[in-house]
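The values are calculated or read from the model by the stated rules, or taken from the named source; none is laboratory data. All values derive from a computational prediction rather than experimental measurement. Glycine gets a Cβ as well: all are built from the backbone with ideal geometry, and neighbour counts include every protein chain shown. Side chains included, ligands, DNA and RNA excluded: accessible areas come from the protein's heavy atoms. Shrake-Rupley method; radii C 1.70, N 1.55, O 1.52, S 1.80 Å.
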Amino acid sequence: MAEEPAQRRTDPGELAEYHVAAQRRREEQESAKAQVLIDRFVARATEQGLATEELTARPWSGRGRYRTGVVGWFLRRDLSVGVGTDGAYYQLVVPPTRFGRWRTVELTPIPPPLQVGKGARDGESVTLAELLEARLQWG
């Protein structure tokens, strides 16, 4: 009888770490591609003289808006996503903050996705390229 080749047993922890690292690499590559699109948008918007404004954030409750001190462009008409003049990408829905309506809240830029609204309701997901082009047309 021929012996069956020994199968390599993989530790589930190692396998999980491998998948986490692979997902992180994919997200970093996606964000790098998305950042190129945003940098082009900022250059075109500046060149076209597209007006900037202070980006405001909305608390999860949806009541009111918070000042952020960040100047840039809203990318969606619902004011939920924005880009700063420096090319930083922001989600503009934040946790409720005590006195947020009277004070400036701090925004932290996040790595931009190629698909904005991924996993959202039907019709709310759009490619970043389409969103940026629509924003340039919106004026």
Practice problem: Roll a 1.4 angstrom probe over the protein heavy atoms and tell me the percent of accessible area of the chain that is carbon or sulfur. | Solution: 50 percent
Quiz item: For the chain, what is the accessible area per residue in Å² when the probe is 1.4 Å?
Solution: 71 Å²
Quiz item: What residues have an amide H closer than 5 Å to that of Gln115, excluding those fewer than 5 places away on the same chain, when H is modeled at 1.01 Å from N in the peptide plane?
Solution: Leu128
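Determine the equivalent ellipsoid of the chain by diagonalising the alpha-carbon gyration tensor, then write out the semi-axes as square roots of 5 times the eigenvalues, largest first, rounded to whole Å.
Result for the chain: semi-axes of 39, 20, 13 Å.
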Quiz item: With each pseudo-label sitting 7 Å past Cα toward Cβ, what's the Ala22-Ala51 distance in nm, one decimal?
Solution: 5.0 nm
Exercise. Using only protein heavy atoms and a 1.4 Å probe, report how much of Arg26 is accessible, in Å² to the nearest 10.
Key: 130 Å²
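Using a cut-off of 14 Å between beta-carbons, work out the net charge of the residues near Thr52 (Lys and Arg +1, Asp and Glu -1, Thr52 not included).
Computed value for this residue: -2.
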Self-check item: Most to least accessible of Val20, Val105 (protein chains only, probe 1.4 Å)
Solution: Val20, Val105
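State the antiparallel share, in %, of DSSP beta bridges confined to segment 9-139, rounding to the nearest 5. Could you put the intermediate results ahead of the total?
Details: 13 of 15 bridges.
The answer is about 85 percent antiparallel.
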Exercise. Note down the net charge around Gly82, summing +1 for each Lys or Arg and -1 for each Asp or Glu among other residues with Cβ under 14 Å from its Cβ.
Key: +2
